[in-house]
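Step one of this worksheet: look at the structure below.
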2 protein chains.
Amino acid sequence: MNSVASDPALIGVDWGTSSLRAFLIGASGEVIDGVTSPEGIMQVSGQSFEAILDRLIGPWVAQTNLPILASGMITSRNGWIETPYAEMPLGACGLAGALVPHEIANGALVHFVTGASIEHKGGPDVMRGEETQIIGASAQGLKDGMFVMPGTHSKWVQVAEGQIVDFSTYMTGEIFAALKEHTILGTLMEADGFNEEAFEMGARAGLDGRTNLLNNLFHVRTLPLMGKIPKVATADYMSGLLIGTEVAAATQDAEDIGPITVVGRNDLSDRYETALGMAGFNSRRAPDDIVAQGHFLIARAAGLLG
Amino acid sequence: MNSVASDPALIGVDWGTSSLRAFLIGASGEVIDGVTSPEGIMQVSGQSFEAILDRLIGPWVAQTNLPILASGMITSRNGWIETPYAEMPLGACGLAGALVPHEIANGALVHFVTGASIEHKGGPDVMRGEETQIIGASAQGLKDGMFVMPGTHSKWVQVAEGQIVDFSTYMTGEIFAALKEHTILGTLMEADGFNEEAFEMGARAGLDGRTNLLNNLFHVRTLPLMGKIPKVATADYMSGLLIGTEVAAATQDAEDIGPITVVGRNDLSDRYETALGMAGFNSRRAPDDIVAQGHFLIARAAGLLG
């Protein structure tokens, strides 16, 4: 709620696997109102996507005839409307040109922002939703450099002049969870507060020994077994080891990389900033709500703002 | 069963996490009789270790007063008698000197073969059971070079003049299972026969991109998603990727490495031989029952063979 807000101009929806965020966006790109829901695309359980959307943003739609943009895993095979992937380089204009409109029951159009793909030597890489956040960051002056987006599948995104030019996905978060819950490594772990020393010890091992993750992970077992780290620190050691390994791999070919922008505000982002600092990189945080800024820039490039 | 066997001289027991093998061994080191059981140390469920052993090898013990050697995870914290780790270099004499005798109800002694540990930069490494197999291989003329022992936690062991001088553990097998069963990577996998082409494609990616496992694993999802490999081949692609990554990491510092000895006779060993060949290494198979040979050499070095 902003007391000097302009009139509403756009509704932006960031609809991911495990949650949904919707924004009422003003004519200057500012967020006027917002709503969040745990109804990610994997949690819709029998409801239609349209019914969920109508319930959440219905009050905004009723007021006016605003354009609606939706981005994220909602455009994947398991989502509402599957859209093709756009290719690199990719900016607001490219995403605007690839919007996929879909008419809903009340006659309004939902414009789906498509995801991005790139072909690397080892195989293809894909994203859905992150491209909109990265475009939004450029509205905040972050038009160049490396971005890291920590999460279940963290993304490293190279941006030049406001366009995405390269990106890679790291399975780090999901692998951490699978190892902790479903391997012998989890059996020695005990819950406690964050142990920064153990995290940094693990991050150092990951940064130094990055070619050897399959071996280094065994140390998550032997270190507490031999009394070298306490059991309450073991999960943080493994977290550091995996994040350090990721940082080393993602930056290995980088020259003159400049400050790295960390997207996110949670504890996980703090861990990435620690590991980046240990690896000798400067880092900074992206502002909140860059996804809404992305919706705004793409809608404006598409001529949807009237 | 060997029609020209000498008299029984020793009982050897290889007691691991998920199974147990016992051997009646002759005075020349040959295997006269053998028994296997799924009663690994994690499957004893209320029975005592002694009761299990008595049931399995009782008929042999009743005949004679043979010495008994036991090796494997049976000497770990969750086993029967916890023994300390021996240090490198380690051969038959070192293991003989570190035997831990334990008297059982019938007055017989079980001599426990202790495990081995080594301190690497990233943390300690440990083994229990594999040291006995490696010592046994030296009885077959395999006294030098690199050994790989594929499994849940595969071991790479450097041997010189019949002594273990270095080793490392790779979590590859357990990580494969956790990723297949408990991450999004498993959701696209369909069962079918072994797909060698997909395995080799994965192994090549692992050998080439070894610093980047956390990223390469994401391709296990994108390759079938984009139709680049069939869903029935996805598990074998991931198997190749992990084994290739392991082979690259384990051999990265090796110079003039010579033929690598693969311990094992199953499909997994075949996969390791394929990946080793792709990496340019010659390989050979260790004979069967080297663990019984190891029990024999250690018992002889300890003066237990009368």
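All of A:E82, A:E119 fail the test of being surrounded by fewer than 20 Cβ atoms within 10 Å (Cβ to Cβ), charged (D, E, K, R) and touching a helix residue (DSSP H, G or I) at 6+ places or on another chain (Cβ under 9 Å), apart from A:E82.
In the set B:V61, B:V44, which member is hydrophobic (A, V, I, L, M, F, W, C) and farther than 20 Å from B:L304 by Cβ?
Numbers: B:V61 fails: farther than 20 Å from B:L304 by Cβ.
Matching residue, one of B:V61, B:V44: B:V44.
Quick one: in segment B:208-219, which of the residues that are at the interface with chain A (Cβ under 7 Å from one of its Cβ atoms) and either of a type in the set (G, A, S) or open to solvent by 70 Å² or more (accessible area, probe 1.4 Å) (or both) is nearest to A:L242 (Cα to Cα)?
Going through segment B:208-219, the residues at the interface with chain A (Cβ under 7 Å from one of its Cβ atoms) turn out to be B:209-219.
Filter once more, so that each one left must be either of a type in the set (G, A, S) or open to solvent by 70 Å² or more (accessible area, probe 1.4 Å) (or both): B:209-210.
Details: B:G209: 17, B:R210: 15 Å.
Checking each candidate, the answer is B:R210.
For segment A:229-257, residues that are at the interface with chain B (Cβ under 7 Å from one of its Cβ atoms) and not in a helix (DSSP H, G or I) total 1. The set of residues from segment A:258-271 being open to solvent by 10 Å² or more (accessible area, probe 1.4 Å), farther than 30 Å from A:H219 by Cβ and not in a loop (DSSP other than H, G, I, E, B) is empty. Scanning segment A:155-192 for residues that are small (G, A, S), at negative phi and outside any helix (DSSP H, G or I) yields A:A160, A:S168, A:A191. Among the residues of segment A:108-125, not one is part of a loop (DSSP other than H, G, I, E, B), over 20 Å from A:I74 (Cα atoms) and more than 8 Å from every other protein chain (Cβ to nearest Cβ). Selection of segment A:232-262 for residues being more than 23 Å from B:T172 (Cα to Cα) and modelled with pLDDT under 95 yields A:V232, A:A233, A:T251, A:Q252, A:D253, A:A254, A:E255, A:D256, A:I257, A:G258, A:P259.
Listed here are the residues, each with its yes/no results for (1) under 22 Å from A:G123 (Cβ atoms); (2) more than 10 Å from every other protein chain (Cβ to nearest Cβ); (3) of a type in the set (S, T, Y).
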| position | (1), (2), (3) |
| --- | --- |
| A:T152 | yes, no, yes |
| A:E161 | no, yes, no |
| A:T169 | yes, no, yes |
| A:L185 | no, no, no |
| A:E190 | no, yes, no |
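Taking into account only those residues within segment A:165-207 that are of a type in the set (D, E, K, R), farther than 30 Å from A:P89 by Cβ and without any contact (Cβ under 8 Å) to a residue 40 or more places away in the chain, which is most open to solvent (accessible area, probe 1.4 Å)? Looking at residues that are of a type in the set (D, E, K, R), farther than 30 Å from A:P89 by Cβ and without any contact (Cβ under 8 Å) to a residue 40 or more places away in the chain, I get A:E197. Has segment A:57-70 got any residue that is of a type outside the set (F, W, Y), out of contact with any Leu (no Cβ under 6 Å at 6 or more places or on another chain), open to solvent by 20 Å² or more (accessible area, probe 1.4 Å) and at pLDDT 95 or above? No, the conditions are met nowhere in segment A:57-70.
Tell me the residue from B:Q133, B:Q140 that is touching a residue at least 60 places away in the same chain (Cβ under 8 Å) and surrounded by 24 or more Cβ atoms within 10 Å (Cβ to Cβ), please. Let's see the steps before the verdict.
Values: B:Q140 fails: surrounded by 24 or more Cβ atoms within 10 Å (Cβ to Cβ).
Matching residue, one of B:Q133, B:Q140: B:Q133.
Just give me the residues in segment B:39-56 being at pLDDT 90 or above and outside any helix (DSSP H, G or I), in sequence order.
Looking only at segment B:39-56, we keep the residues that are at pLDDT 90 or above, and these are B:39-41, B:48-56.
Listed by number, the residues that qualify are B:E39, B:G40, B:S48.
Looking across B:A96, B:A9, one residue alone is open to solvent by less than 40 Å² (accessible area, probe 1.4 Å), under 18 Å from B:R300 (Cα atoms), part of a helix (DSSP H, G or I) and in contact (Cβ under 8 Å) with a residue 60 or more places away in the chain. It is B:A96. When A:A160 is tested against the conditions (1) within 27 Å of B:N78 (Cα to Cα); (2) outside the structural domain of A:S269 (by TED's automatic domain parsing); (3) among the small types (G, A, S), the lone failure is (1).
Among the residues of this structure, B:E246 does not count as one that is outside the structural domain of B:S71 (by TED's automatic domain parsing) and open to solvent by 10 Å² or more (accessible area, probe 1.4 Å). Determine whether A:F218 is under 24 Å from the mean Cα position of the chain (by Cα) and hydrophobic (A, V, I, L, M, F, W, C). In short, no. If you go through segment B:272-280 one residue at a time, do you hit one that is among the acidic types (D, E) and open to solvent by 60 Å² or more (accessible area, probe 1.4 Å)? Scanning segment B:272-280 turns up no residue that is among the acidic types (D, E) and open to solvent by 60 Å² or more (accessible area, probe 1.4 Å). Taking each residue of segment A:108-119 that is in contact (Cβ under 8 Å) with a residue 12 or more places away in the chain and looking for partners that are hydroxyl-bearing (S, T, Y) and assigned to a loop (DSSP other than H, G, I, E, B) with beta-carbon atoms closer than 6 Å, six or more apart or interchain, yields A:F112/A:T83; A:T114/A:T83; A:G115/A:Y85; A:A116/A:Y85; A:S117/A:Y85. If the condition is being modelled with pLDDT under 90 and polar (S, T, N, Q), then segment B:175-192 contributes only B:T187.
Of the set (1) within 24 Å of A:A96 (Cβ to Cβ); (2) outside any helix (DSSP H, G or I); (3) under 18 Å from the mean Cα position of the chain (by Cα), all apply to A:I74 but (2). With respect to B:N195, is the statement that it is more than 30 Å from B:P8 (Cα to Cα), touching a helix residue (DSSP H, G or I) at 6+ places or on another chain (Cβ under 9 Å), within 14 Å of another protein chain (Cβ to nearest Cβ) and modelled with pLDDT under 95 true? The answer is no for B:N195. For A:T152, the criteria (1) open to solvent by 20 Å² or more (accessible area, probe 1.4 Å); (2) out of contact with any Ser or Thr (no Cβ under 6 Å at 6 or more places or on another chain); (3) in contact (Cβ under 8 Å) with a residue 12 or more places away in the chain; (4) outside any loop (DSSP other than H, G, I, E, B) hold in every case but one, which is (4).
Only one of the numbered conditions (1) surrounded by fewer than 16 Cβ atoms within 10 Å (Cβ to Cβ); (2) closer than 25 Å to A:V31 by Cα is violated by A:G294, and that is (1).
The values are calculated or read from the model by the stated rules, or taken from the named source; none is laboratory data. These numbers were taken from a predicted model, which means no experiment stands behind them. No Cβ is skipped: glycine too gets one built from the backbone with ideal geometry, and neighbour counts run over all protein chains shown. Remember, those area values only see protein heavy atoms, side chains included, never the ligands or the DNA or RNA. Shrake-Rupley method; radii C 1.70, N 1.55, O 1.52, S 1.80 Å.
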